[in-house]
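For reference, the structure discussed in these notes is given below.
Please treat every number below as a calculation from the coordinates, not as lab data. Nothing here was measured: the structure is a model prediction, and the numbers come from that model. For neighbour counting, all protein chains shown are included, and Cβ atoms are generated from backbone atoms with ideal geometry for every residue, glycine included.
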Amino acid sequence: MKLELTGVDSRLSAVVLSALVLHSASTGSAEESSIELIRKHHGIDVRCTLPDILPDGISAKESTDILALRYSRNVFHPELGLYPPGLLKRLGLKTIYVVNDLVVDGTDAAAIVLPEEGSLYIETVFPWRNVYLASTLHHEIYHLIDRKDGHLNDDKKWCALNPKSFTYGEEFDGQDGFFTEYSAFDMAEDKAELFSSLVMFENLVWQKCKTDVVLAKKVALIKQRTAKASSGRCSEAFWERASWRKWNNQGQSFFEREENY
Ligand SMILES: [Zn+2]
């Protein structure tokens, strides 16, 4: 930004100018450091520019660097910080593309993770609340955990937990075992939805588990598999820390407590 000094009190103008420059520099460095810290701690790049060739079946438009910076600071950096350093890279995540108008196989999509490429495309064109974006991020991360665990497409043990009357993709009439309606869409989405709900709102999930035995069994299996896929690094301490992270009315996260971590 170009600033011109026209006032008679050049000393005062110089003070104002230096204050503006300092403010601008500190705002910029705080935002840049979120992206830098994500790269440093997790080995993941956050980009608002698209790759030269988009993967088959995906279309998207470039987002803006302002959105990439804002979501890195408010959502990606704090939420990825729940995971042990290096784990997400080991699960195969290399790049987060912040995009607009994401369409996957002809359908508008909130996000998609492509494990073979190590890329996660995430939609930000809507004025989403940070909470929803965070929830989407954790959902996609579970698809990577599921793949690492070897149950992404074939999971008889999981399906056997569902009520006998239930079939994925059919009209959902509120059977036990599902925390969100989208969970009933298909098996992989069910697992990703439950993981994300646990990371975001574990207390609410446990409330439902008091009267929903199927859901309680699914929670136990998700936690067991997450621990296994992370070589034990995402076990009780991970879930405990996630439960300390709360959201205020402005959609900003904070930790209710930090001790012993
Ligand atoms: Zn999904």
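Laid out as a table, the results:
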item	result
Peptide ranges 44-50, 79-85 listed from the most packed, as the mean C-beta count within 10 angstrom indicates	79-85, 44-50
J(HN,Hα) series, the stretch 48-60, from Karplus relation 6.51 cos²θ - 1.76 cosθ + 1.60, nearest Hz, glycine and proline x	9, 9, 7, x, 4, 10, 7, x, 3, x, 10, 10, 6
Loop GluC sites (Glu not before Pro), the stretch 137-217, which have at most 15 other Cβ atoms in a 10 Å radius of their Cβ (DSSP)	GLU170, GLU171
Local net charge near VAL199, Cβ-Cβ under 9 Å (Lys/Arg +1, Asp/Glu -1)	-1
In degrees, nearest ten, helix 10-42 long axis to first principal axis of the chain (Cα)	30 degrees
Descending semi-axes in Å of the stretch 29-255, equivalent ellipsoid built from Cα gyration tensor	28, 20, 17
